[in-house]
């Protein structure tokens, strides 16, 4: 009887760069779609010209609500993509992207507090983590 043990190979872990790439891809999709939609809204005359973007008084609440709506949708889409590309633990990857969005939102709110519409800044912060969760959940149903 042979009592020699056969070594069991360690589980192969996906390289960390695949995780970072998944998060980065979701972030880039979000940025590109948001920027392209902003430019489309300017071209269509819905938003003021880009040269006026520093003047918050030119943006009505309805304009900001529209921007919040499509940015939320793009946040869900970006987080879905991140979860889809994640080598493992898609929810964690999606929430990581949501956390990055949260930090960006907080920094943006601090930088523009008192000069921009406060409800919009707070709403952007409030939707980031739920958007990340929804994006990851949609990936699970795929």
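The values are calculated or read from the model by the stated rules, or taken from the named source; none is laboratory data. Bear in mind that the values here come from a model prediction, so they are computed numbers and not experimental data. Note: ideal-geometry Cβ built from the backbone for every residue, glycine included; neighbour counts use all protein chains shown.
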Result of the Cβ filter at 8 Å on the stretch 38-49, keeping first residues that are without any contact (Cβ under 8 Å) to a residue 12 or more places away in the chain and partners that are assigned to a loop (DSSP other than H, G, I, E, B), at least 6 apart or interchain, is 42/48; 42/49; 48/55; 48/59
The correct count of residues that are closer than 14 Å to residue 30 by Cα and surrounded by fewer than 22 Cβ atoms within 10 Å (Cβ to Cβ) in the stretch 77-95 is 1
Give the residues of the stretch 122-142 that are over 23 Å from residue 24 (Cβ atoms) and either modelled with pLDDT under 95 or under 11 Å from the mean Cα position of the chain (by Cα) (or both), sorted by residue number. 141
Condition first: surrounded by fewer than 15 Cβ atoms within 10 Å (Cβ to Cβ), part of a helix (DSSP H, G or I) and in contact (Cβ under 8 Å) with a residue 40 or more places away in the chain. Now tell me which residues in the stretch 120-142 satisfy that. 140
Checked against (1) under 11 Å from the mean Cα position of the chain (by Cα); (2) touching a residue at least 24 places away in the same chain (Cβ under 8 Å), residue 31 satisfies every condition except (2)
Check off (1) surrounded by 17 or more Cβ atoms within 10 Å (Cβ to Cβ); (2) closer than 16 Å to residue 104 by Cα for residue 59 and give me the number that stays unchecked. (2)
